[in-house]
Amino acid sequence: MTVITAGLESDGIEVSGIVTSVTDASAVCTLTAASGGVVRTAEATVTPSGGNSYCPVLVIPRDQLSAGSWSVTLSYRGSPGEGASAPVTIEVT
């Protein structure tokens, strides 16, 4: 699981990713953002293409975020198993 894009946009934290060499159309990507004991999540089904599975842009809405550092992880659940990206820190202002 690799993060392709991650950042703070006008609507909130936006993250997308890819799982290489896996094509499971029923797999799910989960975006998890954590800060100071608060955890927010968003989920979407992957889109298989060209031998890989892509996580679409997942959004944690800005109104669910407080100012500060948020640790963001993108995870994958499906065939042939599970995986997660390295955490990315996003500053919310």
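In the context of the full set of protein chains, residues of the chain present 51 Å² of accessible surface per residue (probe radius 1.4 Å, heavy atoms only). The alpha carbon convex hull volume per residue for the stretch 1-64 rounds to 81 Å³. Ranked by the mean number of other Cβ atoms within 10 Å of their residues, highest first, the peptides 49-55, 68-74 come out as 68-74, 49-55. Look at the dipole of the chain built from charges on Cβ: of Val46, Leu65, Thr23, the Cα furthest out on the positive end belongs to Thr23.
For the chain, the relative contact order comes to 33 percent (Cα pairs under 8 Å, sequence separation of at least 6). Accessible surface of Asp11, taken over heavy atoms with a 1.4 Å probe and every protein chain present, rounds to 70 Å². With a Förster radius of 41 Å applied to the beta-carbon distance between Thr93 and Thr23, the computed FRET efficiency rounds to 0.60. Under a model in which nothing but the beta-carbon of Lys, Arg (+1) and Asp, Glu (-1) is charged, the chain shows a dipole of about 140 debye around its Cα centre. Computed in the context of the full set of protein chains, the accessible area of the stretch 1-77 at 1.4 Å probe radius has 48% of its extent on carbon or sulfur. The largest accessible area among Val57, Val46 belongs to the first residue in Val57, Val46, and the rest follow in falling order (1.4 Å probe, all chains).
The values are calculated or read from the model by the stated rules, or taken from the named source; none is laboratory data. Since we're looking at a predicted model, the values are computed, not measured. We place every Cβ from the backbone using ideal geometry, glycine too, and count neighbours over all the protein chains shown. Protein only, heavy atoms only, side chains kept; ligands, DNA and RNA dropped before computing areas. Shrake-Rupley method; radii C 1.70, N 1.55, O 1.52, S 1.80 Å.
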